[in-house]
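Take a look at the structure set out below.
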Amino acid sequence: MKISQVDQSQNQAIISIEVDPEELEEELHRVYRRVVLRINIPGFRKGKASRSVVERFVGRDALIEDALENLVPTMTSRAMQEQELDVVATPRAKVTQHDPVIIEATYALRPSVKLGDYKGIRLETETIDITDEQVDNLIETVRQQMGTWEPVDRNVGFGDMVTIDVVGLVEDKKDVDETGIDYVVSEGSVSPVPGFAEELVGFGIGKENKFTLSFPDDYPDPEMINKECNFTVVVQEVKERKVPDLDDEFVKAINMGVETYGELRIQFESDLRLQHQNAADQRFEDLVIKAVIEEADIELPEILVDEEIHHMLAEQEEALSRQQLSMDAYLSTIGKTADELHEDARIPAIEKIKRTLILRQMAEEEGVEVSDEEVDAEIDTVMQLQATMMGDSFSEYINSEDGRRSVQNVLKNRKTVNILIATAKLASGEKDAGKKKPAAKSRKATKKNT
């Protein structure tokens with residue numbers, strides 16, 4: 001293997017790799033042994049044809065292409081090790097010549113990170129206030145959840161659950177044909193189309209009702225957009241939700257470890273405060289990290305950005321598939337092309353990469369360490385929370401060398417972020433001194449006066 005460096009700039013290295021004929025020949029022979037076992041050549045028993053016969057039958061170029069599938073990653077990996085490149089993404093490689101075989105590989109090199117004065121960043125934390133109205137709303141939500149549906153002899157109103165027969169005709173073809181389905185009449189509902197719930201209000205039991213609605217511009221099925229649907233609906237039954245009274249029996253039924261309504265309000269207020277505080281802490285952390293990123297000087301190789309975008313979109317596509325939705329259908333719904341979606345992911349991808357690299361650099365400068373005991377404790381905690389859901393494969397991975405390294409990195413990042421947060425929070429003395437500092441919700445950072 002002969003290696004020559006073509007270019008190195010912008011945190012990328014381009015390497016030209018010439019494959020030795022002996023190495024190509026060795027790989028071609030491996031390909032031949034694999035191919036001869038799976039093809040049928042007239043006049044030969046499977047697996048018995050000579051290599052020259054196989055080459056004439058499938059073509060030498062086809063064997064070379066097959067060989068390159070293994071040679072390219074092998075050669076690019078060897079070149080990376082020989083050149084001692086600190087690579088942060090999968091290299092891009094292309095074969096530029098076949099005789100001899102020459103591979104051009106582009107490597108994304110780990111960029112240098114110049115941290116700014118991150119220790120001088122100061123942000124004001126949010127003040128958490130929980131109102132009586134918020135507590136009332138939470139209690140009412142719980143009451144509604146504990147309610148029961150009971151039949152009533154009256155016309156349909158908002159909030160009711162109705163049992164209906166419904167037929168929907170689009171261009172004289174049935175688009176909907178359901179019998180005895182339950183439907184909650186919620187004001188503003190877009191199911192099955194906007195306005196359907198509103199049309200039901202006032203309908204009596206047993207009467208046939210007809211109305212026409214149009215499919216909206218953002219309807220998931222593009223072929224139905226702006227078409228009219230003629231509905232015929234018969235209400236079989238109307239039910240309204242009966243909610244429990246706000247008394248001690250209601251409190252005990254919730255089973256939260258309290259006995260009286262007053263104690264329940266105190267518990268709910270505490271839960272809401274914790275929930276809002278956790279959200280505020282996350283917002284503060286995001287602001288601190290953003291301020292650190294703005295202070296830092298870092299130039300990212302384009303390969304690294306593209307790889308992160310690819311990972312993000314692959315995760316999004318997997319999430320859509322779990323909802324039985326294809327990426328093409330999703331793009332049609334949001335009215336964007338694949339290229340536009342790719343470009344939309346660029347800024348989040350850049351921010352994610354910068355966050356990772358900057359926290360790593362900070363951990364080195366701050367001397368952050370994670371012990372084996374801390375890794376063991378975190379794995380025990382994770383196993384207790386997720387092992388039953390993830391199964392044996394997850395348990396095997398998290399206890400492997402790669403899994404432990406991943407846990408170690410998570411803990412190191414957590415420690416580093418905690419150092420940042422502790423430093424960035426305005427002390428009461430700084431607030432009292434009347435310094436002009438932005439609130440966390442303003443999403444701005446200032447430097448401490450020196």
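Looking at the range 179-189, is at least one residue closer than 24 Å to THR141 by Cα, out of contact with any His (no Cβ under 8 Å at 6 or more places or on another chain), of a type in the set (A, V, I, L, M) and touching a residue at least 12 places away in the same chain (Cβ under 8 Å)?
So the first thing to find is which residues in the range 179-189 are closer than 24 Å to THR141 by Cα, and the list is 182-189.
Of the ones still in play, those that are also out of contact with any His (no Cβ under 8 Å at 6 or more places or on another chain) are 182-189.
The next check asks that each one be of a type in the set (A, V, I, L, M); those that pass are 184-185.
Now narrow it down to the ones that are touching a residue at least 12 places away in the same chain (Cβ under 8 Å): 184-185.
Checked against the condition, which is being closer than 24 Å to THR141 by Cα, out of contact with any His (no Cβ under 8 Å at 6 or more places or on another chain), of a type in the set (A, V, I, L, M) and touching a residue at least 12 places away in the same chain (Cβ under 8 Å), the range 179-189 yields at least one hit.
Could you please let me know if ILE225 is β-branched (Val, Ile, Thr), modelled with pLDDT under 90, closer than 29 Å to ASP132 by Cα and not assigned by TED's automatic domain parsing to the domain that holds LEU325?
No; evaluated as a whole, the condition is false for this residue.
Give the residues of the range 333-365 that are over 19 Å from the mean Cα position of the chain (by Cα) and surrounded by 16 or more Cβ atoms within 10 Å (Cβ to Cβ), sorted by residue number.
Matches in the range 333-365: LEU357, ILE358, LEU359, ARG360, GLN361, MET362, ALA363.
If PRO348 satisfies every condition in (1) touching a residue at least 12 places away in the same chain (Cβ under 8 Å); (2) farther than 30 Å from TYR219 by Cα but one, which is the exception?
(2)
For the range 213-232, enumerate the residues that are among the β-branched types (Val, Ile, Thr) and touching a Phe, Trp or Tyr at 6+ places or on another chain (Cβ under 7 Å).
Hit for the range 213-232 is ILE225, nothing else.
Residue by residue, here is whether (1) closer than 21 Å to SER9 by Cβ; (2) without any contact (Cβ under 8 Å) to a residue 12 or more places away in the chain holds:
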residue	(1), (2)
ARG38	no, yes
ILE41	no, no
GLY59	no, yes
THR74	no, yes
GLN83	yes, no
THR90	yes, no
ASP99	no, yes
ALA105	yes, no
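Within the range 297-310, is there a residue that is crowded, with 18+ Cβ neighbours inside 10 Å, modelled with pLDDT of 95 or more, among the aliphatic types (A, V, I, L, M) and within 19 Å of the chain's Cα centre (by Cα)?
Yes, there is a match, as at least one residue in the range 297-310 is crowded, with 18+ Cβ neighbours inside 10 Å, modelled with pLDDT of 95 or more, among the aliphatic types (A, V, I, L, M) and within 19 Å of the chain's Cα centre (by Cα).
Just to verify a result, which residue in the range 9-20, among those that are out of contact with any strand residue (DSSP E or B) (no Cβ under 7 Å at 6 or more places or on another chain) and surrounded by 12 or more Cβ atoms within 10 Å (Cβ to Cβ), is nearest to LEU71 (Cα to Cα)? Break it down stepwise before answering.
Step one: filter the range 9-20 for residues out of contact with any strand residue (DSSP E or B) (no Cβ under 7 Å at 6 or more places or on another chain), giving 9-10, 20.
In the following step, the residues that additionally are surrounded by 12 or more Cβ atoms within 10 Å (Cβ to Cβ) were identified as 10, 20.
Details: GLN10: 27, ASP20: 11 Å.
Once the filter is applied, the top-ranked residue is ASP20.
Considering each residue of the range 168-218, count those that are under 28 Å from GLU150 (Cβ atoms), of a type in the set (Val, Ile, Thr) and within 39 Å of the chain's Cα centre (by Cα), and give that number.
Qualifying residue count for the region: 6.
Within the range 199-214, is there a residue that is of a type in the set (Asp, Glu), surrounded by 16 or more Cβ atoms within 10 Å (Cβ to Cβ) and without any contact (Cβ under 8 Å) to a residue 40 or more places away in the chain?
For the range 199-214, residues of a type in the set (Asp, Glu), surrounded by 16 or more Cβ atoms within 10 Å (Cβ to Cβ) and without any contact (Cβ under 8 Å) to a residue 40 or more places away in the chain: present.
Write out, first by first residue and then by second, each pair whose Cβ atoms fall under 8 Å of each other, whose residues are 6+ apart or on separate chains, and whose first residue, in the range 127-151, is loosely packed, with under 13 Cβ neighbours inside 10 Å while the second is part of a loop (DSSP other than H, G, I, E, B).
GLN144/VAL243
Sort through ASP99, ASP66 and tell me the only one that's of a type in the set (D, E, K, R) and within 36 Å of the chain's Cα centre (by Cα).
Details: ASP99 fails: within 36 Å of the chain's Cα centre (by Cα).
Every option except ASP66 fails the conditions.
So that you can scan it fast, the table gives a plain yes or no per residue for (1) within 26 Å of the chain's Cα centre (by Cα); (2) at pLDDT below 65:
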| position | (1), (2) |
| --- | --- |
| MET390 | yes, yes |
| SER406 | yes, no |
| LEU420 | yes, no |
| GLY429 | no, yes |
| ALA433 | no, yes |
| ALA440 | yes, yes |
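I'm checking my understanding of the structure. Among residues of the range 152-183 that are more than 20 Å from LYS227 (Cα to Cα) and of a type in the set (Val, Ile, Thr), which one is surrounded by the most Cβ atoms within 10 Å (Cβ to Cβ)?
Result: VAL156.
The values are calculated or read from the model by the stated rules, or taken from the named source; none is laboratory data. Source: prediction; values computed, not measured. All Cβ positions, glycine included, derive from the backbone under ideal geometry; neighbour counts span all protein chains shown.
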